[in-house]
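Chemist: Take this structure first; my questions come after.
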Amino acid sequence: RKFVSLPTNHPLHNTMSPSDENTATDGGMSSIPPTTNDAKDLVLQDLCRHLTGRTTTEATEEKNNSIEHRSVVALPVAAIQSLLDVIRRTKAGTMMGLQEELRRAEEDMLEFARSPSSRSILKGGRSFIALASGCELFMKYVTRAFLETPDFAACIAEVLERGEAFANISLSARDRIADIGQDFVQDGQTVVTHGWSRVVSKLLLKAAEHKQFSIVVLEGRPDAGGAKAAKTYAEAGIPTTVVLDSAMAYVIEKADLVIVGAEGVVENGGVVNKVGTYSLGIVAREMGKPFYVAAESYKFARLFPLNQSDLPDVGVVPRLNFVDTASWEATGGKVGKPAESLSTDGAVPGHVCLPDQVEVENPPCDYTPAKYITLLFTDLGVLTPSAVSDELIRLYQ
């Protein structure tokens, strides 16, 4: 598994404050599988703190965890910051020892991303590619710094400097993408989007500052990310409609363009994103509507999937629950078995109970081939899908 680094001229801002190691205590790890490894505890505490601004316990137990505040920064950036904290705490005296510590921290974060404990903080398995990308990117920086600066102490200083420069790239990248992408949204148009994406929301809110258009959001099952995102758009004064995911063909017929985010942009110009994005791309192409992807360049991954089965393993995915929403209002939320039966057979009011022999599959993401993508809006500029591969080659020269 290899992931791309950023170009040397990428816009970076050295604004990250030093990590406060005192906030990483043993008391906030109740949602993480028990471990005797104090270093692992600290790494996961750091990841959660950088990602949400809260401890792991606060983030996982927050009942009103709005979609806007579920993560303060992009996951790859939070991973970079967590690895920087590892360097600040290191007792290693050699570069090999430091790299081993960083590799263990990377493995701990990836293991956490695969575990049920991460569901309330991360995005149900979809974040695995982005997290791995951030870790691999940082490890490339570490290796490059060691080759350029053989002295260990000087190398540590160089790595910290480069890492801190990367710390605020998430905000600067989204601003650049919003400035570029908002020109593709015109007055009077209808934009279709899918689920919740920080960079897509930044783009659409930027466009709404000077233009009048409407948004149709697919609900984004199973986490209803689109339905939650609709609140953000509506509060900004944008006419917003939420529809079922299965209604995508119905609404695209009357729409003008589609804009989605991405968890990863792969080497062949395709994207990995929330499940349903592939279907949306197929429908958009069939309807002759432009299909745009907004993604930060640190999500460019050196993966080359040919089909859905080539996607990386994201760990245990929770079983889906089903509710007959058409009958919900008529029955007061009591669908199927009555509420009084709860004490006798364990039925949940409103829940459609399936027999044990029925299998339920819940893929968190899918792969959309490059042929369905019109353009990609990135902080490197507007790219065609074929240019992604060219950019990767250029970056590795």
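Chemist: First check a/c for segment 147-257, with a ≥ b ≥ c the square roots of the eigenvalues of its C-alpha gyration tensor; if it is under 1.5, answer rounded, and if not, answer prolate when a/b is larger than b/c or oblate otherwise.
Modeler: Taking the square roots of the gyration eigenvalues as a ≥ b ≥ c, segment 147-257 is prolate.
Chemist: Taking amide H positions as placed 1.01 Å from N in the peptide plane, with prolines and chain starts having none, which residues 5 or more places from Gly53, or on another chain, fall under 5 Å of its amide H?
Modeler: Val72
Chemist: Spelling out what I want: for every residue of segment 205-211, take phi, set θ = phi - 60°, compute 6.51 cos²θ - 1.76 cosθ + 1.60 (Karplus), and round to whole Hz; glycine and proline get x.
Modeler: 5, 5, 5, 6, 5, 10, 9
Chemist: I want to check the label-to-label distance for Ser389 and Thr90. Put each point 7 Å from Cα in the C-beta direction and report it in nm to one decimal.
Modeler: 3.7 nm
Chemist: Around Val216, which amide H atoms from residues at least 5 apart in sequence, or from another chain, sit under 5 Å from its own amide H, with H modelled in the peptide plane?
Modeler: Placed amide hydrogens put Val191, Val192, Thr193, Thr241 under 5 Å from Val216.
Chemist: What number comes out for the charge environment of Ser246, summing +1 per Lys or Arg and -1 per Asp or Glu over other residues with Cβ under 11 Å away?
Modeler: Details: positive: Arg221; negative: Glu219, Asp245.
Spelling it out: positives minus negatives among the neighbours equals -1.
Chemist: So who's got an amide H within less than 5 Å of the one on Glu263, skipping anything under 5 residues away but keeping other chains? H placed 1.01 Å off N, in plane.
Modeler: Val272, Asn273, Lys274
Chemist: By the scheme Lys and Arg +1, Asp and Glu -1, what is the net charge of all other residues having a beta-carbon under 13 Å from that of Glu158? Before the final figure, lay out each step's value.
Modeler: Values: positive: Arg144, Arg162; negative: Glu148, Asp151, Glu161, Glu164.
Neighbourhood net charge equals -2.
Chemist: Ranked highest first by the average count of other Cβ atoms within 10 Å around their residues, in what order do 202-209, 43-50 fall? Write out the running numbers ahead of the final one.
Modeler: Details: 202-209: 20.1, 43-50: 26.0.
Listed from highest to lowest mean packing, they are 43-50, 202-209.
Chemist: Please list, in order along segment 150-166, the HN-Hα scalar couplings obtained from phi with the Karplus expression 6.51 cos²θ - 1.76 cosθ + 1.60 (θ = phi - 60°), rounded to whole Hz, x for Gly and Pro.
Modeler: Each residue of segment 150-166 in turn: x, 5, 5, 4, 5, 5, 4, 4, 5, 5, 4, 5, 5, x, 5, 5, 7 Hz.
Chemist: Give a residue-ordered list of calculated ³J(HN,Hα) values for segment 80-95 (Karplus: 6.51 cos²θ - 1.76 cosθ + 1.60, θ = phi - 60°; whole Hz; x for Gly, Pro).
Modeler: 4, 4, 5, 5, 4, 5, 4, 5, 5, 8, 4, 10, 5, x, 9, 5
Read the figures in this text as sums done on the coordinates, not as results from a lab. Just so it is clear, the structure is predicted and the values come from calculations on it, not from any experiment. All Cβ positions, even for glycine, are placed from backbone atoms using ideal geometry, and neighbour counts span all protein chains on display.
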